[in-house]
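I have placed the structure first, in the form of structure tokens, so that the comments after it can refer back to it.
The values are calculated or read from the model by the stated rules, or taken from the named source; none is laboratory data. These figures come from a predicted structure and were not determined experimentally. In this analysis, Cβ positions are derived from the backbone assuming ideal geometry, glycine residues included, and neighbour counts consider all displayed protein chains.
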């Protein structure tokens, strides 16, 4: 019986993402400005050692140690733009960017598919409770060809598309997420110390915090991971 209960519990949990994104930071600080990382400015014996850009997927991408990208994107981000039917949009140019404005974007690292905001809905805001209604509307409309699965993302999922290597807000790859303001977006996570609050992610600073659920914030839907 215990094994059966464990199996049921596992089935009800969201599946783990296939991978984790890095921060998008590819430069190091030398004491006065951001420069290419070297042993002199960020090595173990340097004045500013162990900087972000020396480690993780972004460093591996810069060193040519990751497989070729399926799509495109800055640093080690790997995005595929999708049209309104959910089909991949071709990339063009150097560096490669979507040849047309996407309706959704697939993250090839995490396996998640994200809603892309439009000029018509980019400024829409919702209370935390009404964000779920917005997801239902997207499912009914068949956003990017999918009539189910659209939901409000978790805090960690939202943080996975924050691009901290950008020099100015919004801190997201605007080639693959156009019509994004430097705004605050609801997550689906309730703030445990006070359940009348919920977690958000702000794309101006890339910060995460909590607010009363009655506040009106932006929403970017996601599907996958379930």
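Looking at (1) over 20 Å from residue 171 (Cβ atoms); (2) surrounded by 12 or more Cβ atoms within 10 Å (Cβ to Cβ); (3) touching a residue at least 24 places away in the same chain (Cβ under 8 Å), which is the only condition residue 119 fails?
Evaluating residue 119 over (1) over 20 Å from residue 171 (Cβ atoms); (2) surrounded by 12 or more Cβ atoms within 10 Å (Cβ to Cβ); (3) touching a residue at least 24 places away in the same chain (Cβ under 8 Å) leaves (2) as the failure.
Out of the range 167-190, which residues are surrounded by fewer than 18 Cβ atoms within 10 Å (Cβ to Cβ) and not in a strand (DSSP E or B)?
Scanning the range 167-190 gives 167, 168, 169, 174, 179, 181, 182.
Name the residues in the range 201-215 that are surrounded by 15 or more Cβ atoms within 10 Å (Cβ to Cβ) and part of a loop (DSSP other than H, G, I, E, B), would you?
203, 206, 213, 215
Pick from 68, 40, 60: which is modelled with pLDDT of 95 or more and in a helix (DSSP H, G or I)?
60
Those residues that are buried (at least 19 other Cβ atoms within 10 Å of the Cβ) and assigned to a loop (DSSP other than H, G, I, E, B), I need them from the range 22-37; list them, please.
Within the range 22-37, 22, 23, 24, 25, 26, 37 qualify.
So how many residues does the range 135-162 have that are in contact (Cβ under 8 Å) with a residue 40 or more places away in the chain and not in a loop (DSSP other than H, G, I, E, B)?
10
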